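Here the structure comes first, spelled out in structure tokens, and everything after it is commentary.
The values are calculated or read from the model by the stated rules, or taken from the named source; none is laboratory data. Predicted, not measured: the structure shown is a model, and the values here were computed from it. For neighbour counting, all protein chains shown are included, and Cβ atoms are generated from backbone atoms with ideal geometry for every residue, glycine included.
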Amino acid sequence: MIGRGPLRLSHVLAVSVLTAGLVTAGFLTHPSPAYAGSGEVVTAASHVVTFDSLGSVSEHPTTATTVGAFLAERGITVGVNDFVNPSADTPISDRMTITYRPAVSVTIQSAHQSRVVTTTASDVASVLAEQSIVVSKDDEVNPALTDPVPQNGTIKVTRVMKWERTEQRAIPINTERRLDFALDPGASKVLAKGSPGVRRVLVAFVQRDGGSINAQVIESHIIRQAHPRIIAVGIGEYAAFQRFAEHGVQQTSRLAVSALDMVATAYTASCGGCSGMTAIGRPAGHGIVAVDPSVIPLGTRLFIPGYGFAIAGDTGGAIHGNRIDLGFNSYSDAMRFGRREVTVYRIR
């Protein structure tokens with residue numbers, strides 16, 4: 001025991017050795033450990049680390065001395081194929097970052113094969129790179145290359161081929177029919193043969209996994225205009241007039257000078273009191289109609305829906321005002337038409 005005598009160098013050295021021994025034995029620390037109310041020693045955290053796992057980043061205080069011990073603190077048992085960085089035996093240091101990714105099974109599917117792989121890659125692109133699978137800029141990958149790896153999911157790779165080609169395509173000849181009242185009924189004459197046009201097109205082609213080829217025109221330019229085939233057609237029989245009437249009313253109305261609402265009747269060349277010749281010197285029949293010249297002058301070209309094109313070529317004692325008598329080639333056709341209200345178009 002040290003008394004009250006003078007302090008000697010040997011006393012100082014003895015105290016220093018004793019203090020060092022207490023520190024080495026763990027009985028004396030600085031700063032001092034905290035004590036609970038019951039006198040139990042509470043151990044303080046030694047380090048704070050950043051933990052990165054499956055895209056989730058968080059900070060954790062820890063007393064672990066190695067990376068493996070830290071993971072064990074988190075209840076993580078590291079598998080043989082799991083990814084750990086730094087390695088599990090790396091000593092813990094303050095503010096270090098620990099990255100952990102468990103190995104997962106992923107199915108890589110393409111048109112011709114399907115394989116299951118185990119990976120710890122962080123994104124789809126890395127999985128494909130691990131398997132030496134090269135994708136082109138046109139290939140389709142689902143999920144996308146930058147997406148996280150789908151755990152126990154599927155990565156589908158679709159091989160896509162794209163190319164373009166310039167083609168010249170013919171523009172077909174349209175046929176135009178023009179009425180010619182100088183031609184005999186049913187006769188026709190080619191006025192112009194017409195010629196096809198030429199169109200230059202740029203076509204884009206797409207083929208997926210060697211399947212059917214989809215073509216789409218993305219540019220089109222006419223380099224030569226097509227010219228129509230023009231046919232002059234004479235006034236034909238009743239059936240021919242009906243064909244004109246079925247698809248030509250609207251077009252004819254645009255060519256009309258005027259339109260009259262009239263009451264129409266029918267007659268044949270063999271009717272009672274008929275001579276068979278009309279006032280304009282043409283035989284009576286289909287296409288020659290009787291009119292009141294004060295309403296429709298003789299020689300006027302007409303169109304009557306349900307009858308067809310005609311010429312105002314005759315008169316009649318009973319035909320006054322808005323009355324018109326339509327010529328037919330047969331009694332049955334005349335009876336079939338009967339009497340009806342019609343719109344009569346005067347053609348230019």
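Details
- Test: Glu246 is under 55 Å from the mean Cα position of the chain (by Cα), surrounded by fewer than 15 Cβ atoms within 10 Å (Cβ to Cβ) and modelled with pLDDT of 85 or more: no
- Among residues of region 84-135, those that are surrounded by 12 or more Cβ atoms within 10 Å (Cβ to Cβ), closer than 15 Å to Thr50 by Cα and of a type in the set (S, T, N, Q), counted: 4
Residues checked against (1) part of a strand (DSSP E or B); (2) modelled with pLDDT under 95:
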{"residue": "Ile108", "(1), (2)": "yes, no"}
{"residue": "Ala111", "(1), (2)": "no, yes"}
{"residue": "Arg115", "(1), (2)": "yes, yes"}
{"residue": "Thr118", "(1), (2)": "yes, yes"}
{"residue": "Ala121", "(1), (2)": "no, yes"}
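- Criterion: buried (at least 17 other Cβ atoms within 10 Å of the Cβ) and over 30 Å from Arg178 (Cβ atoms) - qualifying residue of Gly308, Gly327, Gly338, Gly316: Gly316
- Within region 193-208, being charged (D, E, K, R) and surrounded by 14 or more Cβ atoms within 10 Å (Cβ to Cβ) holds for Arg199, Arg200, Arg208.
- Scanning region 136-163 for residues that are exposed (fewer than 15 other Cβ atoms within 10 Å of the Cβ), out of contact with any Ser or Thr (no Cβ under 6 Å at 6 or more places or on another chain) and in a loop (DSSP other than H, G, I, E, B) yields Ser136, Lys137, Asp138, Ala144, Thr146, Asp147, Gln151, Gly153.
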